[in-house]
Amino acid sequence: MKKTKLSDLKFEDLFRREPEAGRLFFNNRRALIFDAATMGVLRRQLLSTMGWELAMGVLSRFGYEHGSNDAEMLGRKFNWETDTDWLASGPFLHTLEGLVHVTPQKIEFDRGTGHFHMHGIWLNSYEAETHLKLFGLSAAGPVCWTLAGYASGYASSFFGKSLLAIETECVGKGDARCYFEIRPVEKWGPEALPYLSALQAVNVAERLRESESRFYDIALSSSDWIWEIDADGLYTYCSPGVTKILGYTPGELTGKKHFYDFFAPEEREQLKTSQLEIFSRKADFNLFVSRNLHKNGEMVILETKGVPILDRGGILLGYRGSVTDITERKRLEASLLQSEKLSAVGQLAAGVAHEINNPLGIILGFAQSVVRKIKEDDALALPLKTIEREAIRCKNLVQNLLVFSRASKSETLEELDLNTAMEGVLSLILAQAKARNVELVRELGSGLPKVNANQIQLQQVVLNLAHNAIDAMPKGGTLTIRTALPGRRPGYVELRVLDTGTGIPKDLQKRIFEPFFTTKEAGKGTGLGLSLAYEIIHKHGGAIELESEEGQGTEFTVYLPVHSAATLLAGGAA
Amino acid sequence: MTGSEKHILVVDDEQGFHDLFRFVLEPLRFNVHSAYDGVEGLERFRERNYEMVFLDVHMPKMTGPELMKLLKEIKPLQLVVIMSSGSDSRQVFEKAVKEMGAVACMYKPFELDQVMKQLESIPRA
Ligand SMILES: Nc1ncnc2c1ncn2[C@@H]1O[C@H](COP(=O)(O)OP(=O)(O)OP(=O)(O)O)[C@@H](O)[C@H]1O
């Protein structure tokens, strides 16, 4: 077999260039997809999104891979007369990037000692030439990085050792000379550092990508919703956590929705503005709380954290972060706050009860005894009866307040049939309802499990709810009292009190459970009825909820734990 | 009814209750005796027989239930009614004083009928 010499290769014959079409042919076969313009755009994008170091690393590595493949391929394909010929052919044949005319000036190597040195001139490169035409001088850098990478890869593969090619002088014009040298990595001085750190950056980036994929694994399994948005606020990534939180699949958001699209409509503009203000400062944010609309129409309260994504130049590319659903936590906090308030009221009441009960007892006692002594038609009958009635009202007030106190917490719960307990108060309610032209509908469910409750307190709750309902229907209406097994809450029995009254405006719904909150005229309501009901149900391990539509009516639902569940919950302590 | 006049002892640090008991009960031929703390109550108790004793819970020197214990040691069958003005948990408190021998526990402000009901439970002499 005839040995190949470098001088045998007639490159002008082997290669055909079609610069305008961006095509290169090898032995008349389209050798590769070659498009300098596309490569140029890619390089510019790399530079602007990754910064120069990472871009340089990526391009050098890219060249390196091709260089080392080419060295292997040329070694196998030709039967070179000398190693030097094989080596020198490489940088000519920059197969992907184009054609580089290299004039090696000095090639020394000794496989035994590992000594390697080569330097030469890149006379012009087809690639660089096209680039410069398209992108001007600034494109020279990225092209050179690719070529240096290519030469490094080629020489390293040839020599079996880490060699680094550096452009020692770049004129930056395709038709001028660029000087390069190839040495073992350790034989370079500080001038090699930018190349090495660029390659290192790529390695780190690769490790980052690994940890990123680890991150995605976490994102996939997290109940939080991990997201990323671009500078316009459009979602570019959403983890599956979003489905549980907002009801949408990641695909329904990514590339389609903006971060503000789910904010509660009435707060959307304000939330959007405050979020954009944070973005404009490129600031991190933590604990951004917003009310959002779930796909099913329910409001969810979300807590969002985010950090800006910036490019090397500090330009904001977007944000990424996570969202936690805190709806349940907020509800719990609110109810804790509520019960703390109530217990404060209770403690205050317990503290003054003694001081109030004594004088009140004396007033009530005298009033009642005098009322009994005088005749109906006595002029003092009315004032005295009024004193008696008002004293009884005070007495009830103090008693109600005391229910909140810790002292009364130990009132015992017993196994109770809810319907039987209701029968006891329904007659009372019926009397009130009739007097106010309200129809009472009772729907007591059958076969309900027993609840764990204090009968007197439970009756008080129903009385209060019914009382409010009747008050809310000044023109008459229907009051429904219903007991049932709730579909949604296993382990509970539910009690509903529905009216067809005035309803409660949305902004007041939060406040009606507050002690002393009342809309009734002075002297009519103490504002304690609902807070008392709340406290009692809370102590029973139950819950009280309301749904109300202005002008339509109101529905209060009380959930009570069934007997066995209650004892389990309370750890047996009553 | 003459000669069958009944004697009631009220131990309470509030003057108003003494006045109230007198106002209500004297016309009904009850003889109302007053003491203003536990120690004085014990002295009064030693002086004579009472058909019924009303004890306030919160008093200086001695609480009502403490005094009741002493009275019961002297006269185990003495009828005692406890009057509470506090916020003591009702069921627990009531159970405790009844176990100690009280016939009833009334909560201030109580209504007149409750007092009358207790007095009716006094056996006729
Ligand atoms: N069924 C209802 N329909 C309309 N509004 C209601 C209803 N239930 C409660 N409310 C509103 O909630 C407020 C607070 O009720 P809450 O029972 O705590 O006190 P109140 O009824 O005003 O006083 P009280 O308990 O002494 O009667 C009421 O004043 C009323 O405005």
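The values are calculated or read from the model by the stated rules, or taken from the named source; none is laboratory data. Please read all numbers here as calculations on a predicted model, not as lab measurements. Every residue, glycine as well, gets a Cβ built from its backbone with ideal geometry; the counts of neighbours run over all protein chains shown. The accessibility values were calculated without ligands, DNA or RNA, using every heavy atom of the protein model including side chains. Shrake-Rupley method; radii C 1.70, N 1.55, O 1.52, S 1.80 Å.
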Practice problem: Using the Karplus curve 6.51 cos²θ - 1.76 cosθ + 1.60 with θ = phi - 60°, work out ³J(HN,Hα) for each residue of region A:254-261 in order, rounded to whole Hz, and write x for Gly and Pro. | Solution: 4, x, 10, 10, 9, 4, 9, 5
Quiz item: Largest first, how would B:56, A:325, A:507, A:230 line up by accessible area (1.4 Å probe)?
Solution: A:507, A:325, A:230, B:56
Practice problem: Express the relative contact order of region B:6-119 as a whole percentage, based on alpha carbon pairs under 8 Å and six or more residues apart in sequence. | Solution: 22
Quiz item: Going from the alpha-carbon gyration tensor of region A:410-574, what semi-axes, largest first and in whole Å, does one get by taking the root of 5 times each eigenvalue?
Solution: 26, 17, 15
Quiz prompt | residue A:386 accessible area, assembled protein chains, probe 1.4 Å, Å² | solution = 50
Practice problem: Treat region A:262-397 as a sphere of radius equal to its Kirkwood radius over Cα pairs and apply Stokes-Einstein at 10 °C in a medium of 1.306 mPa s; give the translational diffusion coefficient in µm²/s, rounded to a whole number. | Solution: 76
Quiz item: With a Cα-only, solvent-free Debye model of region A:343-397, what are the log10 I(q)/I(0) values at q = 0.17, 0.18, 0.25 Å⁻¹?
Solution: -0.58, -0.62, -0.91
Quiz prompt | √(5λ) per eigenvalue of the Cα gyration tensor, region B:25-95, largest first, Å | solution = 20, 15, 13
Quiz prompt | Contour minus Cα-Cα distance for residue A:310 and residue A:169 (0.36 nm per residue) | solution = 47.5 nm
Quiz item: Averaged over A:361-372, how many beta carbons belonging to a partner chain fall within 10 Å of each residue's beta carbon?
Solution: 6
Exercise. Please give the solvent-accessible surface of residue A:413 in Å², to the nearest 10, using a probe radius of 1.4 Å with every protein chain present.
Key: 40
Practice problem: Give me the distance in nm between label points sitting 7 Å out from Cα along the Cα-to-Cβ direction at residue A:113 and residue A:329, one decimal. | Solution: 6.9
Practice problem: Kindly compute the accessible surface that chains B and A hide from a 1.4 Å probe when together, both sides summed, and give it to the nearest 100 Å². | Solution: 2200
Quiz item: For region A:238-333, what is the relative contact order in percent, using Cα pairs closer than 8 Å and at least 6 residues apart in sequence?
Solution: 20
Quiz prompt | Fully extended contour minus Cα-Cα distance, from residue A:274 to residue A:509, at 0.36 nm per residue | solution = 81.9 nm
Exercise. Determine the distance separating the Cα centre of region A:291-318 from the Cα centre of region A:425-447; give it in Å without decimals.
Key: 51
Quiz item: How far is it, in nm, from the label point at residue A:412 to the one at residue A:264 when both lie 7 Å from their Cα along the line to the Cβ?
Solution: 4.5
Self-check item: With all protein chains modelled, accessible area of residue A:65 [1.4 Å, Å²]
Solution: 90
Quiz item: Computed on alpha carbon atoms, what radius of gyration and Dmax characterise region A:340-474, expressed in Å?
Solution: 18.8, 56
Quiz prompt | Most to least accessible of A:52, A:227 (protein chains only, probe 1.4 Å) | solution = A:52, A:227
Quiz item: Considering the Cα trace of chain B, what is its radius of gyration and what is Dmax, both in angstroms?
Solution: 13.5, 42
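Using square roots of five times the C-alpha gyration tensor eigenvalues, list the equivalent-ellipsoid semi-axes of region A:222-325 in whole Å, biggest first.
One finds semi-axes of 21, 15, 12 Å for region A:222-325.
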Self-check item: Whole-angstrom gap from region A:497-537 to region A:470-494, using each part's C-alpha centre
Solution: 16
Exercise. From other protein chains only, count the Cβ atoms within 10 Å of every residue's Cβ in B:110-116, then give the mean.
Key: 4
Exercise. Please give, to one decimal in nm, the separation of the simple spin-label points placed at residue A:394 and residue B:98, each 7 Å out from Cα toward the Cβ.
Key: 3.0
Practice problem: State the percentage of accessible surface on region A:410-574 attributable to carbon and sulfur atoms; use a 1.4 Å probe and exclude ligands, DNA and RNA. | Solution: 51
Quiz prompt | Heavy-atom accessible area order for A:73, A:422, largest first, 1.4 Å probe | solution = A:73, A:422
